[in-house]
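Asks: Pasting a structure below so you can have a look.
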Amino acid sequence: MTPFTGILLASLPDIFFSLDSVYVLTGLVLWVFAAMTFQDRDNKRRFGSGTFWLILGAIFVFGSKMPHWMTGLLVLAMVVIDGTGGVARGLYNESTKAEQESHARRLGHRIFIPVLLIPIVTIIFASVFRLLKLDVNRGALVGLGFGGVCAMACCLWITRDKISVLMEEGRRLNDAMGAVNILPQLLASLGVIFTAAKVGDLIASGIYHIIPADNLFLLVLANCLGMALFTIVMGNSFAAFPVIATGVLAPLIIQPFGVRPEMVAIITLTAGSSGTLMTPMAANFNIVPAVLLNMKNQYGVIRFQLPFALTIWSLHVILMWAMIKLF
Amino acid sequence: MHLQDLFKLSGIAIVVIGFAFRLRTTLVVVVAGLVTGLAAGLPLFSTGGLFDAIPFLTKPGQEGIIDMLGRAFADNRLMTLFIITLPAIGLAERYGLQEQSAVVIRKLAAATVGRLQVVYQLFRVLTGILGVRLNGHPSFVRPLIFPMSVGAAEGIFHASSAEDLPEDVVEEIKAATAASENYGNFYGQNLSVVQAGILLVFTVMSGLGYAISIFSLVMFAIPIASISIILAAIQFWLLDRKYRRKATTPR
């Protein structure tokens with residue numbers, strides 16, 4: 001074996017098991033969705049929708065190679081398409097309830113295998129990466145990607161259906177969420193811009209005017225309260241998190257007190273979830289179900305959740321404060 | 001506070017107002033980013049690219065807002081990786097994934113309204129741990145959990161049909177079934193390394209310069225997830241107790 005092929009063989013797993021390889025795979029899936037959307041005559045916005053998924057696919061495939069300004073402009077193009085109502089749903093040749101029930105009787109619990117395969121492959125990859133002393137975070141994400149591929153193959157094998165049906169069903173789920181799919185990615189980018197613009201320092205200095213910098217309990221209280229209030233107003237804890245993390249959590253709690261970031265960050269996020277339980281702005285979770293269940297009072301779900309939400313929010317404050325003190 | 005500082009905060013105001021008024025979320029977020037960047041005096045583009053020749057678009061030594069947006073969006077592709085799992089889940093749904101899940105829930109199901117909510121919440125925590133994203137209100141709560149809960153209440157109130165149940169009880173059961181979905185979903189989803197909340201926290205904290213592990217994020221999500229299960233169990237147990245008392249006192 002020549003040294004060259006040796007190096008090539010050694011780097012093959014690196015290439016194959018890199019995040020880029022699963023990004024490319026995801027991009028290809030998106031391109032298939034885009035191609036199907038362009039042909040979907042029942043989608044009133046098929047060119048806008050198709051272009052949206054085509055661009056997202058291109059960012060997945062070429063995102064690591066493209067210059068950043070080009071990716072940025074493509075993101076702007078996607079947002080303009082969505083902002084002008086250009087992303088819509090089509091028709092997906094859906095199965096009927098009766099068909100699903102007869103399939104369920106025939107296949108039984110076997111239908112769980114492909115779905116369970118996704119977390120199993122994810123965990124296997126993460127464990128192997130840990131054994132090889134590679135980045136475990138990357139292992140889990142690469143595992144998710146290959147888990148999705150394994151699940152597709154397994155599902156086709158169990159159902160004996162066609163690949164075209166497989167992709168059509170994937171497109172159905174993807175379009176059900178629509179352009180909101182990219183919202184978490186955009187919010188994380190917003191956090192980066194906030195950091196560059198030093199918005200966080202500004203909020204932090206504002207809070208220092210009210211709360212003494214050495215009073216940990218009041219800072220924790222301000223952090224959890226800010227997170228819940230922002231979530232209540234916006235109806236979305238994911239949108240509140242970048243603001244609170246850059247403005248309160250990092251500069252006022254993690255840095256000065258030397259706290260483990262993982263510990264307080266996830267508790268801050270769920271302090272926001274407690275806000276979600278209280279707000280009609282989170283219509284998907286609180287108002288839509290009330291309509292779905294024909295409730296007399298459209299705020300009935302929120303009213304039921306309120307005592308739970310207030311209790312668990314207070315426990316967030318106490319837990320975060322106690323954990324910082326203890327660890 | 002300086003005037004420029006006030007303008008910088010306008011980005012947050014745009015997000016708050018935009019989400020509150022239900023404007024297109026994607027548009028709101030990107031406009032907020034552009035406004036914040038421009039208010040902070042950042043250039044639109046980095047130097048060294050195509051845009052050097054055009055005045056005002058670049059500033060030496062500073063990363064442009066558009067470049068930053070593109071870099072962050074590409075770096076955070078991991079948040080949208082779940083799309084690759086959609087074909088398999090979609091096909092499994094076509095072949096009765098929901099119906100078969102309903103079979104499992106029916107087998108586990110308990111005889112009272114409250115215990116049924118606890119079982120369903122645990123089922124949602126389990127789907128969260130497995131990294132499965134599902135919208136449970138239309139797929140499980142409305143077609144399965146609500147009718148089963150009404151059935152359980154009929155047993156407790158010795159009613160022959162849902163019409164014989166007190167109206168406020170039926171309304172409360174509706175709210176309880178919707179709530180058990182939210183409790184299980186919100187706090188259970190952080191128990192998997194591939195769910196959106198964990199990945200958002202991971203990318204935002206990485207953007208702030210903290211090298212963190214997604215597995216420790218999940219570990220630190222366990223206390224609150226456990227508390228959510230206990231608190232909800234208490235609330236649903238109180239509901240059962242209320243119905244037992246109500247059923248024995250004559251109306």
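Asks: Enumerate the aspartates and glutamates that B:K8 could reach by cross-link, defined here as Cα to Cα under 13 Å, with residues fewer than 8 away along the same chain left out.
Replies: Partners within reach: A:D201.
Asks: Rounded, prolate or oblate: which fits region A:97-160 when a ≥ b ≥ c are the square roots of the eigenvalues of the alpha-carbon gyration tensor, with rounded for a/c under 1.5 and prolate only if a/b beats b/c?
Replies: Prolate.
Asks: Tell me, A:W53, A:W157, A:W313 in order of fewest to most beta-carbon neighbours within 10 Å?
Replies: Final ranking by Cβ density, sparse to dense: A:W157, A:W313, A:W53.
Asks: Among all stretches of chain B without exposed chymotrypsin sites (Phe, Trp or Tyr not before Pro) (DSSP loop, at most 13 other Cβ atoms within 10 Å), which one is longest?
Replies: Values: sites that count: B:F21, B:F56.
Within chain B, the longest run free of exposed chymotrypsin sites (Phe, Trp or Tyr not before Pro) spans B:57-251.
Asks: Still on this model: Quick check: convex hull of the Cα atoms in the protein assembly as shown, volume per residue, rounded to a whole Å³?
Replies: 181
Asks: Would you mind counting up the charge near B:P87? Only other residues with Cβ under 10 Å from its Cβ, with Lys and Arg at +1 and Asp and Glu at -1. Walk me through the numbers on the way to the answer.
Replies: Working: positive: A:R171, A:R172; negative: A:E168, A:E169.
Around B:P87, the charge tally is 0.
Asks: So which trypsin sites (Lys or Arg not before Pro) in region A:96-166 pass both tests, a DSSP loop state and at most 14 other Cβ atoms within 10 Å of the Cβ?
Replies: Details: sites: A:K97, A:R105, A:R106, A:R110, A:R130, A:K133, A:R138, A:R160, A:K162; in loops: A:K133, A:R160, A:K162.
Here the trypsin sites (Lys or Arg not before Pro) that fit, given the DSSP loop and packing criteria, are A:K133, A:R160, A:K162.
Asks: Which angle between 0 and 90 degrees, to the nearest 10, do you get for helix A:68-83 versus the longest principal axis of chain A when only C-alpha atoms count?
Replies: 90
Asks: Output needed: percent of Cα pairs per 10 Å distance bin for chain A, bins running from 0 to the one holding the longest distance.
Replies: With a bin width of 10 Å, the distribution comes to 5, 17, 24, 29, 18, 6, 1, 0.
Asks: Which lysines have a Cα lying under 19 Å from the Cα of B:K174, excluding residues fewer than 8 positions away in the same chain?
Replies: The qualifying lysines are A:K296, B:K242, B:K246.
Asks: With all distinct Cα pairs included, what does the Kirkwood hydrodynamic radius of region B:173-242 come out to in Å, to one decimal, could you say? Numbers along the way, then the final one.
Replies: Working: mean 1/r = 0.0738 Å⁻¹.
For region B:173-242, inverting the mean 1/r across all distinct Cα pairs yields 13.5 Å.
Asks: Can you work out the Karplus-derived ³J(HN,Hα) for every residue in region A:112-117? Use 6.51 cos²θ - 1.76 cosθ + 1.60 with θ = phi - 60°, whole Hz, and x for glycine or proline.
Replies: Taking θ as phi minus 60°, the curve returns 6, 4, x, 5, 5, 4 Hz for region A:112-117.
Asks: Averaged over A:314-320, how many beta carbons belonging to a partner chain fall within 10 Å of each residue's beta carbon?
Replies: Taking all residues of A:314-320 together, the mean is 2.
Asks: Right, something else. How shielded is B:32-45 by partner chains, expressed as the average number of their Cβ atoms within 10 Å of its Cβ atoms?
Replies: Per residue, the average neighbour count from other chains is 4.
Asks: Same structure again: Is there a simple number for the mean count of other chain Cβ atoms within 10 Å of the Cβ of residues in A:295-306, and what is it?
Replies: Other-chain Cβ atoms within 10 Å of each residue's Cβ, averaged: 5.
Asks: Note the angle between two axes, namely the Cα long axis of helix A:216-234 and the longest principal axis of the Cα atoms of chain A, as a number of degrees from 0 to 90, rounded to the nearest 10.
Replies: Rounded to the nearest ten degrees, it is 50.
Asks: Mind checking which lysines have their C-alpha under 30 Å from A:K65, skipping anything on the same chain fewer than 8 residues away?
Replies: Within the straight-line limit of under 30 Å, A:K65 reaches these lysines: A:K133, A:K198, B:K59.
Asks: Calculate how steeply helix B:146-157 sits against the longest principal axis of the alpha-carbon atoms of chain B, using the helix alpha-carbon long axis, and give the answer as 0 to 90 degrees to the nearest 10.
Replies: Taking Cα atoms only, the helix is inclined about 30 degrees.
Asks: Can you put A:S11, B:S101 in order, fewest other beta carbons within 10 Å first? Provide the component values of the computation, followed by the final result.
Replies: Working: A:S11 10, B:S101 22.
Lowest to highest Cβ neighbour count: A:S11, B:S101.
Asks: Classify region A:3-83: rounded, prolate or oblate, from the alpha-carbon gyration tensor (a ≥ b ≥ c, eigenvalue square roots; a/c under 1.5 rounded; otherwise prolate if a/b is larger than b/c)?
Replies: Cα axes put region A:3-83 in the oblate bin.
Asks: With a/c under 1.5 counting as rounded, go ahead and sort chain B into rounded, prolate or oblate using the C-alpha gyration tensor (a ≥ b ≥ c being the square roots of the eigenvalues; past the cut-off, prolate if a/b is larger than b/c, else oblate). Walk me through the numbers on the way to the answer.
Replies: Numbers: a/c = 2.91, a/b = 2.33, b/c = 1.25.
It comes out prolate by the Cα gyration axes.
Rule-based calculations on the coordinates, nothing more; no lab input. Quantities reported herein were computed from a predicted structural model and do not represent experimental measurements. Because the Cβ atoms are built from the backbone with ideal geometry, glycine has one as well, and the counts that use them run over all protein chains shown.
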